[in-house]
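Inspection log for the structure reproduced underneath, given as structure tokens.
The values are calculated or read from the model by the stated rules, or taken from the named source; none is laboratory data. All of these numbers come straight from a predicted model, not from anything done at the bench. Cβ placement follows ideal geometry from the backbone for every residue including glycine, while neighbour counts extend to all protein chains displayed.
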Amino acid sequence: MGSSGNKGRTVMEVGADGVALITIINPPVNSLSFDVLFSLKDSFDQAIQRDDVKAIVITGANGKFSGGFDISAFDGLQGGQVKESTPGYISIDIITNTMEGARKPLVAAIDGVALGGGLEVAMACHARISTSTTQLGLPELQLGLIPGFGGTQRLPRLVGLSKALEMMLMSKPVKGEDAHGLGLVDAIVPKDELVSVARRWALDVAERRRPWFATLLRTDKIEPLAEAREILKFARVQTRKQAPNLMHPLVCIDVIEEGIVSGPHAGLVKEVNEFQKLLHSDTCKSLVHIFFSQRGTTKVPGVTNLGLVPRKINKVAVLGGGLMGSGIATALILSNIPVILKEVNEKFLQAGIDRVKANLQSRVKKGKMSQEKFEKTLSLLQGTLTYDSFRDIDMVIEAVIENISLKQQIFADLEKYCPPHCILASNTSTIDLNLIGEKTRSHDRIIGAHFFSPAHIMPLLEIVRTQKTSPQVIVDLLDVGKRIRKTPVVVGNCTGFAVNRMFFPYSQAAILLVERGTDVYQIDRAITKFGMPMGPFRMIDLVGFGVAVATGGQFVLNFPERSHKSMLIPIMQEDNRLGEATRKGFYAYDNKRKASPDPELRKYIEKAREISGVQVDPKLTKLSDKDIVEMVFFPVVNEACRVLAEGIAVKAADLDIASVMGMGFPPYRGGILFWADSLGSKYICSRLEEWTKLYGDFFKPSAYLAARAAKGASLSAPVEQVKSRL
Ligand SMILES: C[C@H](O)CC(=O)SCCNC(=O)CCNC(=O)[C@H](O)C(C)(C)COP(=O)(O)OP(=O)(O)OC[C@H]1O[C@@H](n2cnc3c(N)ncnc32)[C@H](O)[C@@H]1OP(=O)(O)O
């Protein structure tokens, strides 16, 4: 087997007690690179051979056991640059035969994380000692894979089939305490006693004072065969329902079943073979791309590489207690950041506080928060009607209605009442930040903090910088984003920023198709089948026609040449069909808010068609699902290209993340531009050109897309790379 560069190692120290302590060292998370794995085998072989070693303890450096197999090595394996000499060499030869089968007891001392391959190594040990805060899990399915170092066989043998399935299928780790209750770890100890307890435990096993378990040979936790089959059957049904586009969760169930029906060794062999196949799947490549892209959003050239240290934000003020403001306040206090919520009168203030309360209460109801924590969290929120208490705040987030002069006045006031270091952020989704700050001299500390509704749940935060925003302020906001567990994407200042720029052609394309004869519900079905959480029409119903028209108007104003102008939504609005809130939109909603198709829709569509003077195109009445997906998403790809070409986004991967986290684009397709590249720029461009001829400039390929297509280059490659390839 080859190596992916010199990445990581293990060290071994033999103590006077006769215990060899092997420590995995590969910062930051001690991932299992090939170098680490081979070094682990070397250390292990030495420990087995040395007469002065009676027992072995494995641990990880710097309070982390291991974050699993080195995900950055997948690339080499996928591209064939790195090859396993024998399939299963690591899983069967090293981990099972050499380690689990060793004649000296082996104990894992686990702190921090034991995930994926990390937990799999620990499960092959003869006992596991952990701290209470450690996270233990097999999250491989999140990467389009199955566990590949025996996890599918060992986890069910330690915690039972049902729990093991839940942990793998949902990629859900458990905390140390729970792992102890489940039997995944044998003892919980304080951090400073971890290694010493593990050493003693290992000696106790060596001297037969404690039992010696080989996990793979255990059967006590596995349900009887008939019951196991029922559990697996149920899991398959659920998986098909929840992830109809994904193969690998079903493969995982098959592999687990093989071990239960034909024995753990057959299971291990099947696991090795299936893992190899899945490694080369598009799903795996897409999800690994998402993994690294998500972590890459916080790397902004010219900002995060200047050595700036984020300043501590101790107190934040939120202006406006509406839906957005209260959601933002909730997100902040949930991460222990004290918030002052300002409103214009008592009534609005109370309504805002009540919204925050309701957000928290819904967590209590779902069992995600105790009553005590609820009280404590809510105590971090303070309401106010004046700027008096703004003297010691570090950041303001303005979330009032989208009104330019109102915002200008607010920012002028903020400049007066806030300390000079205070960050002045706006949650606007449409208004130019330079305009908002026009009446101030604080342009370097004005920044956009664009949250998505509901702000305490949606994972994305668009950080909008102007030409004048200082890098320090961006670094500070990136840090706040991390504290409130959002994935931040730094974008430039323009109408709609990145996410709404992409959302707009998405709904416009859908409306264009409907006006020309495609069925509303077929579009939603095709888009949902593709993997979006809902189709464009269901989405417009959900956000409400008012919002859709307001943001749509901004686009028509700013990008008239490529806006499709339709009267469909305004006509429906006239009849007070405003979406889900009025129980009628593109769908009709019953008391339980269940959506069903509404035959009345036809008359609005016919009227809109009449006003815009377009004809039904017979071709568009019988589009395949594939055609629908392409006609709706290629304009989105086209807009993403413009966003990239204009420098609004720093890199293509940021738009992939923005599409997944802001629009709900399926992560297993890798994000909007990664998906586009899997189809090829030439193909996309040629289809857009074809539709431009038939249906107008709405589809016209952007200069960036056309140039890439002409060279057969990928859309995601940085500009320099495309040049040097030519
Ligand atoms: C054969 C096996 O069955 C196959 C496998 O094991 S597949 C791997 C399974 N493991 C996982 O999926 C765990 C992935 N990692 C994580 O969930 C999280 O990184 C974590 C919980 C370990 C730590 O989280 P956190 O402290 O927030 O740090 P996070 O920013 O995510 O990661 C820190 C750095 O480590 C890197 N990293 C984390 N896990 C890694 C891994 N398994 N391989 C390579 N790099 C990894 C990240 O890319 C990041 O790099 P960067 O600083 O250059 O951006």
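Can you find a residue that is within 27 Å of the chain's Cα centre (by Cα), within 12 Å of the ligand (Cβ to nearest atom), exposed (fewer than 15 other Cβ atoms within 10 Å of the Cβ) and at positive phi anywhere in region 55-78?
Yes.
Take PHE497 and decide whether it is of a type in the set (Phe, Trp, Tyr) and in a loop (DSSP other than H, G, I, E, B).
yes
Just need a number here: residues in region 261-272 that are closer than 16 Å to ILE222 by Cα and surrounded by fewer than 22 Cβ atoms within 10 Å (Cβ to Cβ).
4
Being surrounded by 15 or more Cβ atoms within 10 Å (Cβ to Cβ), assigned by TED's automatic domain parsing to the domain that holds PRO338 and at pLDDT below 95 is the requirement here; does THR377 meet it?
no
Go through region 416-454 and give me each residue that's among the polar types (S, T, N, Q) and in a helix (DSSP H, G or I).
Residue satisfying the conditions is ASN434 alone.
If I filter region 30-45 for residues that are crowded, with 16+ Cβ neighbours inside 10 Å, among the charged types (D, E, K, R) and more than 12 Å from the ligand (Cβ to nearest atom), do I get at least one hit?
yes
Kindly establish whether PHE665 is touching a residue at least 40 places away in the same chain (Cβ under 8 Å) and out of contact with any Gly (no Cβ under 9 Å at 6 or more places or on another chain).
no
Please go through region 524-571 and give me each residue that is outside any helix (DSSP H, G or I) and closer than 25 Å to GLN242 by Cβ, ordered by number.
GLY531, MET532, PRO533, MET534, GLY535
Being closer than 22 Å to LYS312 by Cβ and either assigned by TED's automatic domain parsing to the domain that holds ARG391 or assigned to a loop (DSSP other than H, G, I, E, B) (or both): is that true of LEU477 here?
So LEU477 passes the test.
Looking only at residues that are more than 18 Å from GLN142 (Cα to Cα) and within 12 Å of the ligand (Cβ to nearest atom) in region 273-299, which one is surrounded by the most Cβ atoms within 10 Å (Cβ to Cβ)?
Only one residue fits best here, namely THR297.
Of all residues being of a type outside the set (Gly, Ala, Ser) and crowded, with 24+ Cβ neighbours inside 10 Å in region 127-139, which is farthest from the ligand (Cβ to nearest atom)? Just the residue, please.
This residue is ILE129.
For region 578-609, give me each residue that is assigned to a loop (DSSP other than H, G, I, E, B) and under 34 Å from the mean Cα position of the chain (by Cα).
LEU578, ARG583, GLY585, PHE586, ASP590, ASN591, LYS592, ARG593, LYS594
In region 140-174, how many are within 11 Å of the ligand (Cβ to nearest atom) and surrounded by fewer than 21 Cβ atoms within 10 Å (Cβ to Cβ)?
Here the count works out to 3.
Taking only region 405-438 into account, find how many residues are free of Cβ contacts under 8 Å to residues at least 40 places away in the same chain and within 30 Å of MET502 (Cα to Cα).
Residues that pass the stated criteria total 13.
Could you list, in sequence order, the residues of region 496-538 that are out of contact with any helix residue (DSSP H, G or I) (no Cβ under 7 Å at 6 or more places or on another chain) and among the aliphatic types (A, V, I, L, M)?
MET532
Do you know which of the residues in region 96-126 that are surrounded by fewer than 24 Cβ atoms within 10 Å (Cβ to Cβ), more than 11 Å from the ligand (Cβ to nearest atom) and not acidic (Asp, Glu) is nearest to ALA202 (Cα to Cα)?
Checking each candidate, the answer is LYS104.
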